[in-house]
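Undergrad: Below is the structure I would like to discuss, written out as structure tokens.
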Amino acid sequence: MSNQSPTAQQSSSSRREETPSTLTSVSTNSNHTLQASSDDDQQQPQQPPPPPQQQQELPEFNLTNVLSDIKNGIWSLFNDPQVSNAIIVLLLFLESILLKIIITRVPYTEIDYSTYMQQISQIESGELDYSKIGGDTGPIVYPGGYVFIYSWMKWITDGMDDLEMGQVVFRWLYLVNLAIVGLCYLLAGGDGTGYGMKPVFLYLLCISKRLHSIYVLRLFNDCWCTLFAVSAIAILLFAVFVKQRGFGLANYVLCFIASDLLSVAVSIKMNALLYVPGFCVVLYFLNDENLLLCVLNAGIFVFVQVGMNWQFLEAGDEIRSNFINGAFNFGRQFMYKWTVNWKFLSEEVFLDSRFHTFLLVLQVVLLLSVLLLKWVSVKATGKPISQLIKDGLKFWSCTISPKHIIFDKRFGGRYVMLVICGSNLIGILCARSLHYQFLSWYYYSLPFLLSACSFPLIVDVALVVSHEWCWNVYPSTAVSSGVLVSILSLIVVRLTFVDWFKVIEQKSDTDSDETKKNN
């Protein structure tokens, strides 16, 4: 007996009657849909299946291919700038081992360190009069920065009792200097690719027997001067880097730091003044041709000098006068027997004041030549010299052209390095005398400058090897001096007339050709 009401039964019966009709309708619609889909599939052309991916075949393993790979690898180790980062790290590691071996196996040679210690001892005992301070090899002739550094060295080496510890300090000094120089080479992009210098020029940095001796077997103060000078160059290269990326304030701060570091270098030994002409030009452009900012940089330079030499400057008129005449004596007479660069002249000519005047005039002429032909050329500044002079009269304004080479991300650093190191090399060429330790003043820049000369590689290597031979002839001879002056003259003249930015044009042409091919 059913419990459903008549209405419910009628509703249920009605649903059962509708079900077949509904199924028929759905089936019919599905058939139409499938038929339409089938018709569309017949109308659309069928896409062929993608071809099977073919695995790239490796070159055949045979002697010819192995030798070719070895050849390409060796070529990269000497010519591929992209491996320079790793090469610098490798060179630092190898140099560290080599310096340890030198310190262990080669006897220390006493030249000036005992004199340094005697002079520092006299100053520490209260003597500040430079006319009364001296040692075995002569009177004191270096400014207050030298006194500060070698006061620490006296404490580290306990005077002359622990020279091995002093050699360890100079070993680290050599390695730090090499690391900073390597960084400068990479930032400057010496070969024009933007990846840094070719590794072969980095190897040339490390082949000088004389330079290793100057550091760990002699402990000369020239090495400290070079450290601060190179650090100033590195800071300016960083300033170029941030300037190119629009960080104006950071650029100005870095210029102040660079001025500080160069001033410290001058306070150690005044040969660092040779950098000043090129340094001022670079600062002028990094400060957007704003003379007021350049005056502030000059103020920093002077302030540091006063601070480093304060104990002698404030000790009375006589002590101040003797200090300035002793530490910054531009008329100092050098001994003919120690000169490395002018032995092909007679001693009479070497000591003649007219010869000294000639060298000074020559230095000015060479600096003016490279200034006009390279440092402030239209290719470098993006505007004619006449406009540069007019803009310079607006000393309160930033008038630098956006076309200035310093904004080029590949070659702005190269320009800075060539200007500053070129300025120093001109001073070296025109120096009244070079002593053996003076090699540390500029050797670090020699491979870079040669890379800019665009000589064939075999000529670069020959020049570096010949240059090293000149510095290892002891005592120097007329031949060794003549070869040295000839090499330095060749580099200076070449840098004055070679097109610094020719590589830029070639690189741009290559890039445009590749772009056309890709399009």
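The values are calculated or read from the model by the stated rules, or taken from the named source; none is laboratory data. Because the structure is a prediction, the values reported are computed rather than measured. With ideal geometry, Cβ positions are generated from the backbone for all residues, glycine too; neighbour counts draw on all protein chains shown. Surface areas here come from the heavy atoms of the whole protein model, side chains and all, with no ligands, DNA or RNA. Shrake-Rupley method; radii C 1.70, N 1.55, O 1.52, S 1.80 Å.
Undergrad: Does region 44-62 contain any residue that is exposed (fewer than 15 other Cβ atoms within 10 Å of the Cβ) and either in a helix (DSSP H, G or I) or modelled with pLDDT of 90 or more (or both)?
TA: no
Undergrad: Those residues that are of a type outside the set (A, V, I, L, M, F, W, C), open to solvent by 50 Å² or more (accessible area, probe 1.4 Å) and under 22 Å from residue 342 (Cα atoms), I need them from region 433-479; list them, please.
TA: Within region 433-479, 472, 474, 475, 477 qualify.
Undergrad: Among (1) in contact (Cβ under 8 Å) with a residue 24 or more places away in the chain; (2) over 18 Å from residue 453 (Cα atoms); (3) over 13 Å from the mean Cα position of the chain (by Cα), which single condition is residue 204 missing?
TA: (2) is the only condition that residue 204 fails.
Undergrad: A follow-up question, please. Quick check on residue 397: is it part of a loop (DSSP other than H, G, I, E, B) and of a type in the set (Gly, Ala, Ser)?
TA: Against the criterion (part of a loop (DSSP other than H, G, I, E, B) and of a type in the set (Gly, Ala, Ser)), residue 397 qualifies.
Undergrad: A further question follows. Considering only region 140-158, state which residues are surrounded by fewer than 15 Cβ atoms within 10 Å (Cβ to Cβ) and over 23 Å from residue 261 (Cβ atoms).
TA: Within region 140-158, 155, 158 qualify.
Undergrad: Being touching an Asp or Glu at 6+ places or on another chain (Cβ under 7 Å), over 20 Å from residue 367 (Cβ atoms) and not in a loop (DSSP other than H, G, I, E, B) is true for just one of 484, 450. Which residue is that?
TA: Answer to the selection: 450.
Undergrad: Looking at residue 172, is it farther than 29 Å from residue 328 by Cβ, out of contact with any Gly (no Cβ under 9 Å at 6 or more places or on another chain) and open to solvent by 20 Å² or more (accessible area, probe 1.4 Å)?
TA: yes
Undergrad: Can we say residue 180 is under 16 Å from the mean Cα position of the chain (by Cα), at pLDDT 95 or above, among the β-branched types (Val, Ile, Thr) and under 29 Å from residue 262 (Cβ atoms)?
TA: Yes.
Undergrad: What's the number of the only condition in (1) at pLDDT 95 or above; (2) closer than 30 Å to residue 262 by Cβ that residue 499 fails to meet?
TA: (1)
Undergrad: Taking region 508-519 on its own, how many of its residues are open to solvent by less than 70 Å² (accessible area, probe 1.4 Å) and either of a type outside the set (Ser, Thr, Tyr) or at pLDDT 75 or above (or both)?
TA: Summing the residues that are open to solvent by less than 70 Å² (accessible area, probe 1.4 Å) and either of a type outside the set (Ser, Thr, Tyr) or at pLDDT 75 or above (or both) in region 508-519 gives 1.
Table: residues versus (1) touching a Cys at 6+ places or on another chain (Cβ under 7 Å); (2) acidic (Asp, Glu); (3) at pLDDT 95 or above.
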| residue | (1), (2), (3) |
| --- | --- |
| 317 | no, yes, no |
| 327 | no, no, no |
| 334 | no, no, no |
| 355 | no, no, yes |
| 359 | yes, no, yes |
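Undergrad: Condition test on residue 390, is it part of a loop (DSSP other than H, G, I, E, B), of a type in the set (D, E, K, R) and over 23 Å from residue 360 (Cα atoms)?
TA: Taking the combined requirement at face value, the residue does not satisfy it.
Undergrad: Can you tell me which residue is nearest to residue 286 (Cα to Cα) among those in region 375-385 that are open to solvent by less than 70 Å² (accessible area, probe 1.4 Å) and of a type outside the set (A, V, I, L, M, F, W, C)?
TA: 381
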